[in-house]
1. Among the residues of the stretch 5-16, is there at least one that is small (Gly, Ala, Ser) and surrounded by fewer than 14 Cβ atoms within 10 Å (Cβ to Cβ)?
2. Is it true that some residue in the stretch 89-110 is within 26 Å of the chain's Cα centre (by Cα), surrounded by 14 or more Cβ atoms within 10 Å (Cβ to Cβ) and free of Cβ contacts under 8 Å to residues at least 60 places away in the same chain?
3. Hey, among Gln55, Gln71, Gln32, Gln94, which residue is more than 30 Å from His357 (Cβ to Cβ) and among the polar types (S, T, N, Q)?
4. Checking the structure you have, find out if any residue of the stretch 62-75 is in contact with a strand residue (DSSP E or B) (Cβ under 7 Å, 6 or more places away or on another chain), exposed (fewer than 14 other Cβ atoms within 10 Å of the Cβ) and assigned to a loop (DSSP other than H, G, I, E, B).
5. Taking the condition in contact (Cβ under 8 Å) with a residue 24 or more places away in the chain and either touching a His at 6+ places or on another chain (Cβ under 6 Å) or part of a loop (DSSP other than H, G, I, E, B) (or both), does Asn418 pass?
6. For residues in the stretch 250-270 being free of Cβ contacts under 8 Å to residues at least 60 places away in the same chain and not in a loop (DSSP other than H, G, I, E, B), which is nearest to Thr281 (Cα to Cα)?
7. Would you be able to tell me the number of residues in the stretch 433-447 that are surrounded by fewer than 13 Cβ atoms within 10 Å (Cβ to Cβ) and either free of Cβ contacts under 8 Å to residues at least 60 places away in the same chain or of a type in the set (A, V, I, L, M) (or both)?
Amino acid sequence: MGIFGALTTSVTGMRAQSFALENISGNIANAQTTAFKRVDTSFVDLIPDNVPSKQLAGNVVANSRATNDVQGDIQNASVGTFLAINGDGFLVVQKPSNFVDSRPVFDGVELYTRRGDFQTDKDGYLVNGAGYYLMGIPIDPTTGNPIGSAPQLLQFNSGFLPAQVTTQIDYQANLASYPLTPAHDVNVPGSELLDATGYSVDPTTAGAGTVVADDLSVFFDESISGGAITSYNPSGGPVNVQLRWAKTDSTTVGGTDTWNLFYEVDSNATGASVAWQNVGTDYIFDASGQMSPPVTSVTLTGLTVNGSLIGDVQLMHGSGGLTQFADANGSVHVNQLQQDGYAAGFLQSLTVNDKGHVVGTYSNSRTVDLAEITLADFNGPNWLKRIDGGAFMATAESGPATYDASGRIVSSALEGSNTDIADEFTKLIVTQQAYSANTRVITTGNQMVQDLLNMLR
């Protein structure tokens, strides 16, 4: 049986090397396939049962060895919805079972992939180049909180983002210790101050101070600009909020450094109509240029500008947000001036950021997190079942998916194939030599059988 056993063994060797050649061929063919995971070949010897002194080298069988946990190179891409995974994890996807009226119908089976070349289709789904649809956890665009915890198919229509009324204005600035108002005169102490005697109504009256239209020229001469910001009323209409500072007292005249802040009420006011409103708070500064006592916020009750009602707005200064230091320009240097309102808008484009969030850009220039991309992990990733398009199915050997992968999303990037051409060529040469050697064994065995037959003739 030795000769015939050798022939059988060589056939298994040829079969095993052919199996390895097929894997090498597939790896080379997919050297540029996005996120492709090469398949290596492992050889297992099959030993017939015998006593130790009679044991044989045995036959061989070839098995596939997955490299699903071996990452390919990450390459930059110019598409905002492309993504790669740096580290462990798989994207959760589904593939339509069929299409009805050109719309996908899904069977609910979760699949997994690292192929991240996703782009939006006509229905607002994110679909990769192999036809798999991305899943994740939607985020409430209003609150910014995830909606649920289980991944679901992500669909982004040209959604409408409702307007948000301004409720808070963050305002930080430095006020020049000596304001260079149009009326100031360095030779006249107190000329830089707001002189309440020149007005029809005392503008410095706490909570009730106003400036009427007839007094505007005096007011502008005795105050300096504090900046302006576009805010939004409840319907999303823009409202231009103008701010102005006036110094009402100073240590140079024996008092304390005190400022009042005004906002414009009516830019078209005439006669005795109110044009500017005092916010009703004395901002007092000590010798170190800090507020004493500190004023961290002021409420602008029923803020109305040119007849457009915004409502109650919190003017937030924060701790140390307003200071009084010398300024050569004698003006207000605004460090921060922003608000939380915006007009309504429509979704214009999608991108994926490095936090793994799908971000929508709206026509009102707002960017809003719309969904969180879920990364699945497995105890045995190399036991996943491969299917077309670089996707995988969970198996009993891989274990179920858990959504705690340690990998990190890299935006505007793609993972390349983990095939190493040079390494595959090396394996190709070795495989060819091994296959040829097995054929030589068969040739030799055949000659020995012929010799045996010739002896019997």
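1. no
2. Checked the stretch 89-110: at least one residue is within 26 Å of the chain's Cα centre (by Cα), surrounded by 14 or more Cβ atoms within 10 Å (Cβ to Cβ) and free of Cβ contacts under 8 Å to residues at least 60 places away in the same chain.
3. Details: Gln71 fails: more than 30 Å from His357 (Cβ to Cβ); Gln32 fails: more than 30 Å from His357 (Cβ to Cβ); Gln94 fails: more than 30 Å from His357 (Cβ to Cβ).
Step by step, each of Gln55, Gln71, Gln32, Gln94 is checked, and only Gln55 is more than 30 Å from His357 (Cβ to Cβ) and among the polar types (S, T, N, Q).
4. no
5. So Asn418 passes the test.
6. Per the stated criteria, the residue is Leu261.
7. 5
Yes/no matrix, rows are residues, columns are (1) out of contact with any Asp or Glu (no Cβ under 6 Å at 6 or more places or on another chain); (2) at pLDDT below 95; (3) more than 29 Å from Leu161 (Cβ to Cβ); (4) not small (Gly, Ala, Ser):
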residue	(1), (2), (3), (4)
Val211	yes, no, yes, yes
Leu216	yes, no, yes, yes
Phe219	yes, no, yes, yes
Thr230	yes, no, no, yes
Trp259	yes, no, yes, yes
Val265	yes, no, yes, yes
Ala272	yes, yes, yes, no
Gln277	yes, no, yes, yes
Gly280	yes, yes, yes, no
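The values are calculated or read from the model by the stated rules, or taken from the named source; none is laboratory data. Model, not experiment: these values are computed from the prediction. In this analysis, Cβ positions are derived from the backbone assuming ideal geometry, glycine residues included, and neighbour counts consider all displayed protein chains.
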